[in-house]
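The values are calculated or read from the model by the stated rules, or taken from the named source; none is laboratory data. In this text the structure is predicted, and so the values were computed from the model without any measurement. All Cβ positions, glycine included, derive from the backbone under ideal geometry; neighbour counts span all protein chains shown.
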């Protein structure tokens with residue numbers, strides 16, 4: 001009876017956790033679409049921080065949703081950022097499953113790589129390839145500040161996601177507890 005209660009409680013907390021993550025994604029989408037021209041890409045650190053705590057399938061789903069929301073917010077071709085975010089989120093999940101620990105520096109480094117490559121792809125495919133004059137101004141005045149703001153925003157996002165996963169219990173911690181209990 002105790003195992004059943006634990007499983008039901010865990011399932012209920014997982015539903016609450018994913019609802020909170022969806023609300024955060026919607027809030028970050030609204031923040032990305034409002035204000036000035038230069039905005040941090042808040043959905044990148046959110047997706048990366050969530051991917052740290054979950055397996056490959058949920059991470060891929062988070063990558064698709066955050067990428068599509070980024071495409072809509074940035075006015076890009078639908079699916080452009082979604083494909084890249086799926087790659088980043090699944091890679092983050094796999095790296096944290098097998099090699100890395102849940103440390104802030106690891107998440108910051110992976111977010112920096114994801115943001116840098118995404119910014120470089122945007123710059124090359126939307127500006128540099130067309131041969132416009134002074135495209136370096138776009139990079140130095142828009143893309144670079146946006147990338148730096150994204151990395152700075154990783155700090156509070158990491159703290160929020162980590163707190164949510166501790167309160168609700170992430171899937172990885174639940175599986176780890178289950179294996180410890182069965183091995184005893």
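So, of the residues in the range 148-160 that are without any contact (Cβ under 8 Å) to a residue 40 or more places away in the chain and under 14 Å from the mean Cα position of the chain (by Cα), which turns out to be farthest from residue 117 (Cα to Cα)? Looking at residues that are without any contact (Cβ under 8 Å) to a residue 40 or more places away in the chain and under 14 Å from the mean Cα position of the chain (by Cα), I get 159. Counting the residues of the range 101-144 that are in a helix (DSSP H, G or I) and under 21 Å from residue 80 (Cβ atoms) gives 26.
Does the range 131-146 contain at least one residue that is closer than 29 Å to residue 24 by Cβ, under 17 Å from the mean Cα position of the chain (by Cα), surrounded by 13 or more Cβ atoms within 10 Å (Cβ to Cβ) and at pLDDT 90 or above? The answer is yes; a qualifying residue exists. Being without any contact (Cβ under 8 Å) to a residue 24 or more places away in the chain and under 14 Å from the mean Cα position of the chain (by Cα), is that true of even one residue in the range 72-84? Scanning the range 72-84 turns up at least one residue that is without any contact (Cβ under 8 Å) to a residue 24 or more places away in the chain and under 14 Å from the mean Cα position of the chain (by Cα). Does residue 82 satisfy the criteria of being surrounded by fewer than 24 Cβ atoms within 10 Å (Cβ to Cβ) and under 19 Å from residue 112 (Cα atoms)? So residue 82 passes the test.
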